[in-house]
Amino acid sequence: MTPRGAELAGYQGQPGSFGARAAARWGKPVAFPTFERTLRALLAGEIACAVLPAVNRVDGPILESLDALARSLTELESAIAVEAEIEVPVRLVLAAPPGLALESVREIHSQAAALRQCRHLLARLDAIPIETHDTAYAAFRVKETGGPRAAVCSEEAALEAGLLILEEDVSDVRPNTTRFWRLARAGATADAVPGNDAAPDGPAPRAVFYAGVRASSALAEAGAELLSLPGTPGDPVRGFAVVPEKNVARAAAGTGRPAAGERVIWLGPAPEFVRPPRMRDIPKVTEVREPSVVAVGPFVVGGGRRAVIAGPCAVESPEQIARLARAVARAGATALRGGIFKPRTSPYSFQGHGLEALGWLKDAGDAAGLPIVTEVMAPAQVVPVAERADVLQIGARNCQNYDLLKEAGRSSRPIFLKRGFGTTVEEWLSSAEYLLDAGCKNVILCERGIRTFEKATRGTLDLGGLLVARSLTHLPLFADPSHAAGRRDLVPGLARAAWGAGVDGLMIEVHDAPESALSDGPQALLPEDLEELLDEFGILPGTSGSVERIRRAIDVVDGGIARLAAQRLELARRVGAIKKASGRPIRDEAREASVRARFAEALGGDTPGATRLADTLIDLALEAEGGKEPAIPRGS
Ligand code: PEP
Ligand code: MN
């Protein structure tokens, strides 16, 4: 997502370079010949941000760019902030004009930093490194001049220049990456403009420029990553430090009083993460900060934690809710829903059993180990319901009932706010602003279908609106496929779509006798449907499940593993065939090591079991590629 529309992001190099790729993440890339020129353009306001390489995985700090930044900070006293950092994969290739064989390469052209990242290659080929100011430029030079010259550059740049790739991925360490910083003029960052989507692509480093011995030791003690530069006679130790979030306060205190002649300049945002809102009128909902996490006992959502609230539309009797609480807990739901006050279109329909049913709901939740979620429809219901309910729901019809929002926001309970079926995303978020403004710390938003011309479904689940909301707010976002569909058969499909779109959770209505339910029977899933769906999402069954229940979940996982294993082996076969056809050796030690490391990491590290499984998977893949004789079956 680019910040502030089509803003210009300056970088050093030319199209096809890694800098250009990094800059494209943050705006319209504009090339400059040098780092100094890029920084000057930033300070002159010609570009919105400058994108500089800071640290490479193989080579460490990129001296050329950091030194230019250091000089800009000290000599020009410029006010620059490091707004964000992204890591860009650096797949360097060795490329040459058609006709030049690998053995005949005598000169390798590339940027100094890139040459330092492939010393093994230089040593192996016994070629002379020739520095150019940019990797993409090296590719064009080599094409133009011909002779025994090759370039180290991106695959993209090689193809653009009309070179052939002699060797892929020539970095000394693979995968190789470079961390780029997005720099802005300090004070010119993140204006609060409605619709401004200046969310950082990566976490902003708390970057510090320092000069002097005392500052460097204070930063090192605070756990900072030091990016040292050669320094100057006046500033014997200088460089940049990246301070981990949790140590910012310590580092700031330690570097607060530098010794005479030492300097410390903070280039990061204010120590706390909260930054100007994306929309001025709804600041608390749209301020840029880490995703909010709402946690009530086993129910934890937001910031990567996902959960499901399930239960009947209405609490009908103590027995009904107790049974359904057990059923949804066994399926894997982590919160129980059930209406005690029901907003019904007809005054003659069942209106809910009221406060008496709150006790039934609470007892059922306690017995199943689940927190409870129930709707309040009027300000007067807030206090009595908040006494016992864990989460208060505000339903679609009351999304813009501002007195109710204010009263609910004052209760100490988390609020589950449904989107009204006639409210825009902005109006929905404005309603959430009422809750936060009233002091509520924990708000969850839920899209439940809006009203459109389509009558085939009860509502239209607005996934686009959900994604828009995701880009604007830090609050957890749910979808309710039950009320959107109004029909049981459509609920799993909508649930999958919402899950795939990245919601933090789902609210799903469940009933074990839907035909006799007092409300919303036609849209209720049966408990076994819920089990199947949650297994699909990888949500673990509740701890009270039977062996059969857990086996059903295991079968789904095994099915997934088997499908992925078959896919993996087919890919190995294909890569094996390509290698054979091109005469390339099947085995590649570096590649094997990186695949092994990936398996080991995914399987939980260096335990003997994980290593054994990783070895087996590698063996099978090699066998499929044709690089290894089929393993002799061990034992029986
Ligand atoms: C409900 O959750 O039972 C309900 C009435 O939902 P909505 O407000 O979304 O219609
Ligand atoms: Mn309902």
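The values are calculated or read from the model by the stated rules, or taken from the named source; none is laboratory data. These numbers come from a predicted model, not from an experiment. Note that each Cβ is placed from the backbone with ideal geometry, even for glycine, and that neighbours are counted across all protein chains shown. To get the accessible areas, we keep the full protein, side chains included, count just its heavy atoms, and leave off ligands, DNA and RNA. Shrake-Rupley method; radii C 1.70, N 1.55, O 1.52, S 1.80 Å.
Evaluated against (1) closer than 30 Å to THR543 by Cα; (2) away from ligand 2 (no atom under 16 Å from the Cβ); (3) open to solvent by 10 Å² or more (accessible area, probe 1.4 Å), VAL383 falls short on exactly one condition, (1).
For LEU477, the conditions (1) more than 14 Å from ligand 1 (Cβ to nearest atom); (2) in contact with an Asp or Glu (Cβ under 9 Å, 6 or more places away or on another chain); (3) open to solvent by 10 Å² or more (accessible area, probe 1.4 Å) are fulfilled apart from (3). When you scan the range 55-65, do you find a residue that is open to solvent by less than 50 Å² (accessible area, probe 1.4 Å) and among the charged types (D, E, K, R), even just one? Yes: the range 55-65 contains one or more residues that are open to solvent by less than 50 Å² (accessible area, probe 1.4 Å) and among the charged types (D, E, K, R). For the range 574-601, a tally of residues being in a helix (DSSP H, G or I) and open to solvent by 90 Å² or more (accessible area, probe 1.4 Å) returns 8.
In the range 541-558, the residue that is nearest to ligand 2 (Cβ to nearest atom) out of those that are of a type outside the set (D, E, K, R) and touching a helix residue (DSSP H, G or I) at 6+ places or on another chain (Cβ under 7 Å) is GLY542.
Scanning the range 501-532 for residues that are in contact with a strand residue (DSSP E or B) (Cβ under 7 Å, 6 or more places away or on another chain) and either more than 12 Å from GLY311 (Cα to Cα) or of a type in the set (S, T, N, Q) (or both) yields VAL503, ASP504, GLY505, LEU518, SER519, GLN523.
One residue alone among GLN320, GLN351 is out of contact with any Phe, Trp or Tyr (no Cβ under 7 Å at 6 or more places or on another chain), modelled with pLDDT of 95 or more, open to solvent by 30 Å² or more (accessible area, probe 1.4 Å) and within 16 Å of ligand 1 (Cβ to nearest atom), and that residue is GLN351. Selection of the range 203-217 for residues being within 26 Å of ALA184 (Cα to Cα) and either hydroxyl-bearing (Ser, Thr, Tyr) or in contact with a Gly (Cβ under 7 Å, 6 or more places away or on another chain) (or both) yields ALA204, PRO205, ARG206, ALA207, TYR210, GLY212, SER216.
In the range 492-524, of all residues being within 12 Å of ligand 2 (Cβ to nearest atom) and in a helix (DSSP H, G or I), the one that is nearest to GLU426 (Cα to Cα) corresponds to GLN523. Residues in the range 287-300 that are in a loop (DSSP other than H, G, I, E, B) and open to solvent by less than 50 Å² (accessible area, probe 1.4 Å): SER292 only. For the structure I just gave you, tell me whether LEU467 is more than 15 Å from ligand 2 (Cβ to nearest atom) and buried (at least 17 other Cβ atoms within 10 Å of the Cβ). Criteria not met by LEU467.
Per the listing ALA260, ALA270, the residue uniquely modelled with pLDDT under 90 and open to solvent by 70 Å² or more (accessible area, probe 1.4 Å) is ALA260. Within 16 Å of ligand 1 (Cβ to nearest atom) and modelled with pLDDT of 95 or more, is that true of ALA513? Here the answer is no, as ALA513 does not meet what is asked. Taken over the range 133-153, the residue count meeting the criterion of being within 35 Å of the chain's Cα centre (by Cα) and crowded, with 24+ Cβ neighbours inside 10 Å is 8. Just one of the listed residues (LEU571, LEU533, LEU564) is under 24 Å from VAL491 (Cβ atoms) and either surrounded by 13 or more Cβ atoms within 10 Å (Cβ to Cβ) or not small (Gly, Ala, Ser) (or both), and it is LEU533. Looking at the range 80-91, is at least one residue assigned to a loop (DSSP other than H, G, I, E, B), open to solvent by 10 Å² or more (accessible area, probe 1.4 Å) and modelled with pLDDT of 90 or more? Yes, the range 80-91 has at least one match.
The listed residues are ILE372, ILE394, and the only one of them that is open to solvent by less than 40 Å² (accessible area, probe 1.4 Å), within 16 Å of ligand 2 (Cβ to nearest atom) and farther than 22 Å from GLY332 by Cα turns out to be ILE394.
Among residues of the range 301-317 being open to solvent by less than 40 Å² (accessible area, probe 1.4 Å) and over 17 Å from ASP480 (Cα atoms), the one that is farthest from ligand 2 (Cβ to nearest atom) is SER317.
Here's the yes/no breakdown for (1) open to solvent by 20 Å² or more (accessible area, probe 1.4 Å); (2) touching a helix residue (DSSP H, G or I) at 6+ places or on another chain (Cβ under 6 Å); (3) farther than 20 Å from SER471 by Cβ:
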{"site": "ASN398", "(1), (2), (3)": "yes, yes, yes"}
{"site": "GLU407", "(1), (2), (3)": "yes, yes, yes"}
{"site": "ARG419", "(1), (2), (3)": "no, yes, no"}
{"site": "GLU426", "(1), (2), (3)": "yes, no, no"}
{"site": "TYR434", "(1), (2), (3)": "yes, yes, yes"}
{"site": "GLU447", "(1), (2), (3)": "no, yes, no"}
